[in-house]
Amino acid sequence: QVQLVESGGGLVQPGGSLRLSCAASGRIFSINVMGWYRQAPGKERELVASISSGGFTNYAVSVKGRFTISRDNAKNTVYLQMNSLKPEDTAVYFCNSYGPRYPWGQGTQVTVSS
């Protein structure tokens, strides 16, 4: 069974940084476009960044220039470096394939507050 395990969230002040990690099981990782999603309280889950197996990236307008997605295919891991964090980035962050096809992990909570 496919498993996605996110980690690295926490409480950070506005302007701060966090690096999220997502470990994915199995062969799915190397053949998929992977994405980071987030869900804020009372809002729908949204895609914030994606990366192809070859390293091509795309970002939501709200995070472009502040977030960087990367992946290590050998480690079956995808990362999200988040800089210049804002209170509106507060959400639970999840990873999945682009056009999510696998069971969601537990996510990792990111809270941006002073």
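The values are calculated or read from the model by the stated rules, or taken from the named source; none is laboratory data. Note that the structure is predicted; figures quoted are calculated from it, not measured. Don't worry about glycine lacking a Cβ; one is built from the backbone with ideal geometry, like all the others, and counts go over all protein chains shown. Remember, those area values only see protein heavy atoms, side chains included, never the ligands or the DNA or RNA. Shrake-Rupley method; radii C 1.70, N 1.55, O 1.52, S 1.80 Å.
Observations on the model:
- The portion of the accessible surface of the chain made up by carbon and sulfur, rounded to a whole percent, is 50 (1.4 Å probe; DNA, RNA and ligands excluded).
- Label zone at V2 (point 7 Å along Cα-to-Cβ), backbone N below 16 Å, the stretch 72-92: 76-78
- The lysines whose alpha-carbon is closer than 27 Å to the alpha-carbon of K75, local same-chain residues fewer than 8 away aside, are K64.
- Solvent exposure of the chain as accessible area per residue, Å², 1.4 Å probe: 53
- Long-range HN-HN contacts of Y98 with modeled amide H, under 5 Å: V33, M34, G35
- Inter-site label distance for R19 and T68 at 7 Å from Cα along Cβ, in nm: 1.0
- A compact globular protein would have a Cα radius of gyration near 2.2 N^0.38 Å; the ratio found for the chain is 0.98.
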